[in-house]
2 protein chains.
Amino acid sequence: MDIVLLGSGNVATHFGRALSEAGHRIVQVYSRTKSHAIVLAKALDVPAIDDLATVDPNADLYVISLKDDAIGQIIAQLPPALKGVVVHTAGSVDVGIFAPYVQKYGVLYPVQTFSIAKPVDFSIVPLALEASDEATYAQVAQLAGSLSTRIFRCDSRQRLALHVAAVFACNFVNHFYAIGANLLQKQGLDFDLIRPLILETAQKVMSHVPGEVQTGPAIRNDIGTMQKHLELLEENHPELVTLYKQMSERIYSN
Amino acid sequence: MDIVLLGSGNVATHFGRALSEAGHRIVQVYSRTKSHAIVLAKALDVPAIDDLATVDPNADLYVISLKDDAIGQIIAQLPPALKGVVVHTAGSVDVGIFAPYVQKYGVLYPVQTFSIAKPVDFSIVPLALEASDEATYAQVAQLAGSLSTRIFRCDSRQRLALHVAAVFACNFVNHFYAIGANLLQKQGLDFDLIRPLILETAQKVMSHVPGEVQTGPAIRNDIGTMQKHLELLEENHPELVTLYKQMSERIYSN
């Protein structure tokens, strides 16, 4: 397929790489800030554009990977009568956002966290798909199937819940890693000491469901230990006391 | 070394296996509940005991792996004049707990989460060590070094902070996995959809520090997306609204 990428951040970059590697042809990279577009465009060896009027109307697919609140603005400014399907890759933007402006549209949401620095094996990234109509769905599914072995149909409501789940299981989790790092640093201990624990905790739920492998003082209702933890937090990290109590109560009462 | 295991739960079981595999001789397994002692004792092919008076006084090492609040009681009831070193394996129990009862003592705290069902590569488990005196420390370090390549000295205060860090980065993290699973289930989606994301999130901090790889709507201050997430939570999971807001504020303001 001939594909126009709209966006040049983490997600656009990973999609660009994966689409190229799957044998598709990226024909343009758009960004409002041309210098941003140029970085990705150079890596993909294609033209960079910063004017939506110059978007190629003959591409097979237009992939919008932008901040959620920018997606609507871009859709409204796309040239009329684009030949191909327009999709966005966002977790929390309803597919209906396209309806006033575009005829054939869809969603291709990758359930993964992307960093510029770290390559990701796209072939195992679950891709949540949605489209304006069945013919368009078939096109989106064909494209998605060329990128990943794990594609599935998912309406906008389900996708929103999936995104919230991802926020808890990834973004909030990473913040707890950061809290751990901070607690260690205050005692002159290295973050490396809890890396095996972090990895094991994640690996454990690859083959179990999390509710069945909960460990720690809260699930055992080990009040003495929790009391010692709270005393340390009250002294050194008072801002964490309420959070520690709430989490422990949630774990115990679940 | 000849070793007596006091305890028969997750940690005792993993220690028992690792000690046997490292060529040490487990001579007894104690549990207050004999049926519990028997399970582990059978697996290790050694005698099970439930009476502290029958603890072998000639072992080189006594490893107490029990609930935190049981440790003090057991120490107080140990036979006098034990030949070997007595250690516990707890994160939050001060080494001073031994002082009134035992002469040579220490701590051997494994920074890892253990489940009966899942074997753990003990050779990479960080072991936090502490002892009553330098000669005893050397003995504990020798034993620990036969189990793991990652041993380090750590006083009781540091160890407590390490345990709190582990609670955030493991126990609380697992609860966020459980919240994710619950959010998905309510929408008829499988937990398997976020497993690659969970693993990637953990793998990312194996080579980075968490503060540098934070992603998601909160760090971007993407208010529109967070608002949609809160609306979904208010409708379906009102008990998560405050937690979502607190976590997002913490991430944004950090």
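The values are calculated or read from the model by the stated rules, or taken from the named source; none is laboratory data. Not measured: the values here are computed from a predicted model. Cβ atoms come from the backbone with ideal geometry, glycine included; neighbour counts cover every protein chain shown. Note: accessible area is taken over every heavy atom of the protein model, side chains too, but ligands, DNA and RNA are not part of it. Shrake-Rupley method; radii C 1.70, N 1.55, O 1.52, S 1.80 Å.
Counting only protein heavy atoms and a 1.4 Å probe, tell me what percentage of the stretch A:190-244's accessible area is made up of carbon and sulfur.
Values: 1140 of 2230 Å².
That share works out to 51 percent.
Could you give the size of the charge dipole of chain B about its Cα centre, using +1 on the Cβ of each K and R and -1 on the Cβ of each D and E, expressed in debye and rounded to the nearest 20? Could you put the intermediate results ahead of the total?
Numbers: 20 positive and 25 negative charges, 34 e Å.
Magnitude of the dipole: close to 160 debye.
Per-residue mean of other chain beta-carbon atoms within 10 angstrom of the beta-carbon, peptide A:68-74? Display every interim value, and only then the final one.
Details: counts 8, 4, 0, 1, 1, 0, 0.
Mean inter-chain Cβ contacts per residue within 10 Å come to 2.
In degrees between 0 and 90, to the nearest 10, how far off the longest principal axis of chain B does helix B:173-186 point, with axes built from Cα atoms?
50 degrees
Cβ under 14 Å from A:Phe172's Cβ, A:Phe172 left aside: what net charge do those residues give with Lys, Arg +1 and Asp, Glu -1? Don't jump to the answer; show the numbers that get you there.
Numbers: positive: A:Arg250, B:Lys245, B:Arg250; negative: B:Glu249.
Taking every other residue near A:Phe172 into account, the sum is +2.
Relative contact order for the stretch B:1-150: what is it in percent, counting Cα pairs under 8 Å that are at least 6 residues apart?
Working: 293 pairs, mean separation 29.8, N = 150.
Relative contact order for the stretch B:1-150 comes out at 20 percent.
Return the sequence-ordered ³J(HN,Hα) values of the stretch B:136-142 in whole Hz as given by the Karplus equation 6.51 cos²θ - 1.76 cosθ + 1.60 applied to θ = phi - 60°, using x for Gly and Pro.
With the stated coefficients, the stretch B:136-142 comes to 5, 4, 4, 5, 4, 5, 5 Hz.
Going by average Cβ neighbours within 10 Å, how do the peptides B:6-15, B:108-117 rank, with the highest at the top? Kindly include the intermediate steps, with their values, before the conclusion.
Working: B:6-15: 22.1, B:108-117: 20.5.
Final packing ranking: B:6-15, B:108-117.
Whole-Hz ³J(HN,Hα) for each residue in the stretch A:163-169, computed from phi via Karplus 6.51 cos²θ - 1.76 cosθ + 1.60 with θ = phi - 60°, x for glycine and proline: what do you get?
5, 5, 4, 5, 4, 5, 7
Can you give the Rg and Dmax of the protein assembly as shown based on its C-alpha atoms, in angstrom?
Every Cα atom of the protein assembly as shown included, Rg and Dmax give 27.0, 90 Å.
Between beta-carbons, use under 11 Å as the cut-off and find the net charge around A:Ser207, counting Lys and Arg +1, Asp and Glu -1.
Working: positive: A:Lys204, B:Lys118, B:Arg195; negative: A:Glu212, B:Asp192.
Value of the local net charge: +1.
Tell me which residues come under 5 Å, amide H to amide H, from B:Ile151 once H is placed; ignore anything under 5 positions away on its chain.
For B:Ile151, whose amide H was placed from the backbone, the distant partners under 5 Å are B:Leu127.
Using a 10 Å cut-off around each Cβ of peptide A:156-163, what is the average number of partner chain Cβ atoms that fall inside?
6
Which value in nm describes the separation of the simple spin-label points at B:Ala117 and A:Tyr137, placed 7 Å from the Cα toward the beta carbon?
3.4 nm
What's the total accessible area buried between chains A and B, using a 1.4 Å probe, rounded to the nearest 100 Å²? Spell out each step's value before the answer.
Values: alone 14570 and 14570 Å², together 20310 Å².
Summing both chains' loss of accessible area gives about 8800 Å².
Mind checking A:217-229 for the average number of partner chain beta-carbons within 10 Å of each residue's beta-carbon? Working shown, then result.
Details: counts 8, 4, 3, 3, 0, 4, 2, 7, 11, 4, 1, 8, 8.
Taking all residues of A:217-229 together, the mean is 5.
Using only the alpha-carbon atoms, how far is helix A:10-21 inclined from the longest principal axis of chain A? Give it as 0 to 90 degrees, nearest 10.
60 degrees
May I ask you to compute the full-extension gain from A:Ala70 to A:Glu235, defined as 0.36 nm times their residue separation minus their alpha-carbon distance, rounded to one decimal in nm? Walk me through the numbers before you get to the answer.
Values: separation 165, 0.36 × 165 = 59.40 nm, distance 4.40 nm.
Value of the extension gain: 55.0 nm.
Against the longest principal axis of chain B, how steep is helix B:34-44, in degrees 0 to 90 to the nearest 10, with axes from Cα atoms?
Compared with the principal axis, the helix lies near 90 degrees.
Can you list the residues, at least 5 places off or on another chain, whose amide H is less than 5 Å from the amide H of B:Ile49, using H built in the peptide plane?
It is B:Val29, B:Tyr30, B:Ser31, by chain and number.
What are the nm distances, shortest first, from B:Gln203 to its equivalents in the other copies, labels at 7 Å along Cα→Cβ?
Label-point separations across copies, in nm and ascending: 1.3.
Which of the residue pairs A:Lys118/A:Lys245; A:Lys67/A:Lys186; A:Lys228/B:Lys42; A:Lys67/A:Lys118 have a Cα-Cα distance greater than 30 Å in the structure shown?
Values: A:Lys118/A:Lys245 35 Å; A:Lys67/A:Lys186 36 Å; A:Lys228/B:Lys42 35 Å; A:Lys67/A:Lys118 20 Å.
Among A:Lys118/A:Lys245; A:Lys67/A:Lys186; A:Lys228/B:Lys42; A:Lys67/A:Lys118, the Cα-Cα distance tops 30 Å for A:Lys118/A:Lys245; A:Lys67/A:Lys186; A:Lys228/B:Lys42.
Using the Cα gyration tensor of the stretch B:1-90, with a ≥ b ≥ c the square roots of its eigenvalues, what is the shape: rounded (a/c below 1.5), prolate (a/b larger than b/c) or oblate (neither)? Numbers along the way, then the final one.
Numbers: a/c = 1.34, a/b = 1.14, b/c = 1.18.
Rounded, because the longest to shortest axis ratio a/c is under 1.5.
Whose amide H sits under 5 Å from the amide H of B:Ala131, counting only residues 5 or more places off or on another chain, with H placed in the peptide plane?
When sequence neighbours closer than 5 places are left aside, the close amide H contacts are B:Val107.
Count the net charge of all other residues whose Cβ sits under 10 Å from the Cβ of A:Ile26, scoring Lys and Arg as +1 and Asp and Glu as -1. Walk me through the intermediate numbers first.
Numbers: positive: A:Arg17, A:Arg25; negative: A:Asp2, A:Asp45.
Net of charged neighbours comes to 0.
Given the rule -39500 (n - 2.57) for each run of at least 4 DSSP H residues, summed and divided by the residues of chain A, what is its mean residue ellipticity at 222 nm, to the nearest 500 deg cm²/dmol? Before the final figure, lay out the partial values.
Working: 9 runs with 112 residues, N = 254.
About -14000 deg cm²/dmol.
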